[in-house]
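Just so you know, all these numbers are worked out from the coordinates, no wet-lab data involved. Note that the structure is predicted; figures quoted are calculated from it, not measured. Using ideal geometry, Cβ is built from the backbone for each residue, glycine included, and neighbour counts are taken over all protein chains shown.
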Amino acid sequence: MITRADKGNSIVILPTHQYETKIQNFILNNFRTATTDPSNTLQAQIRQTVRDSKTLIPKVSRWKYTNRNPSAPSIKRLIKIHKPDQPIRPVVNWRNAAAYRLSKLFTEKIHHIALLPSAFNIKNTQDLLHKLKDTPLFPNHSLASLDITNLYSNIPVPENKTILTNLLKHELVTPQTQKELLKWYDVITGQNYFTHNRDIIFQYDGLAMGAPSSGLIAEIIIRHIEHTYLPHVARKHKIVNYCRYVDDVFLVFDSTHTSIHEILKDFNGLHHKLQFTAEAEKTTPLTTLTSPCTEPPLTLKPPYTESPHSQTPSSPTPPTTPNNTNAQQSGSYSTDRTSTTSNMSNSSKN
């Protein structure tokens, strides 16, 4: 079997039975198998949803958001040669799925209606280097990367819907528009299947791999967790910089105060469905990546004014202020969205 590697633009050659075993191991851990293709049934559901969306979709445009001849999404597999045991990375082609066009429209509407807090997101490598350049670094600082394991299949769909609902309310979206968007959410997240070797594979939970909306939906809960819990974790472990690109996290922390193992333990306690793996620097001193510092190191300043709370890693409690208590407990964002960006990007001296 000849296939592509997940990274590095490389080609992988391996025995066919080994390739198929990797696929079967992946499917057995996350999915169930059926023999009936539900595409036509789901197409009827999409048509009805589009007809009911009188606020968001004009009547003359309804035809744009249904696939005339839908079929089950197909899967191909890339080999993660940079990971132990070389597992597969599934890549699902969703273009012929019944919900493909509605999924794209959902993403566009949410981007336009509800602005998510994005203080910790990076766009590319240059953006990361820019943030590093602005971070004072000392010999006691170490860098590490965290990776969210199987991100899409572990997103809690019902909990995410609650967060989205509160976000729409916070943005003062009209009740009818909220109703239509949340119906789209249910329909899109319910179409979670693909075909492999003539079998129809249904995912037990999480988001559909390959769906245009899955990246945005995953961001909703990840940014909510960051906005709610990260300030406490940053104070506890003296994390001086935190950046994330999709499911990859980059950290700079004081290694004389904590260890990557302790940080990983707390991150894995943020949500029972979202688990991280870690990789720390091994040889290169972090200070060689930038010019020497002449100022004291800086720490992340949280977007809250209260004293640090005593939280356990396995069940963190959101920081509490009069302005955000009810909102955060119900799964919504703080009303002061700008405070996260300004305070977490600016640091205060120790």
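For segment 3-90, calculate the relative contact order in percent as a whole number, restricting contacts to Cα pairs under 8 Å that are 6 or more residues apart. Over segment 3-90, the number comes to 40 percent. Charging the Cβ of each Asp and Glu at -1 and of each Lys and Arg at +1, and nothing else, the dipole of segment 1-82 about its Cα centre rounds to 440 debye. The slack between residue 197 and residue 169, meaning 0.36 nm per residue of separation minus the straight C-alpha distance, is 5.7 nm. Any idea how far apart residue 52 and residue 93 come out in nm if each label point goes 7 Å out from Cα toward Cβ? It works out to 3.2 nm between the two label points. Full extension of the segment from residue 177 to residue 63, taken as 0.36 nm per residue of separation minus the current Cα-Cα distance, would add 39.1 nm.
Spin-label pair residue 108-residue 28: with each label point 7 Å from Cα along the Cα-Cβ axis, the two points sit 4.4 nm from one another.
Site pair residue 186 and residue 259 shows an inter-label distance of 4.9 nm when each label is modelled 7 Å from Cα along Cα→Cβ. If the segment from residue 40 to residue 86 were pulled out straight at 0.36 nm per residue, it would be longer than the present Cα-Cα gap by 12.9 nm.
Which distance in Å, rounded to a whole number, links the C-alpha centroids of segment 227-270 and segment 140-172? Cα centroid to Cα centroid, the span is 15 Å. Couplings for segment 57-62, taken from phi via the Karplus curve 6.51 cos²θ - 1.76 cosθ + 1.60 with θ = phi - 60°, read 10, x, 4, 6, 9, 4 Hz in order; Gly and Pro are left as x.
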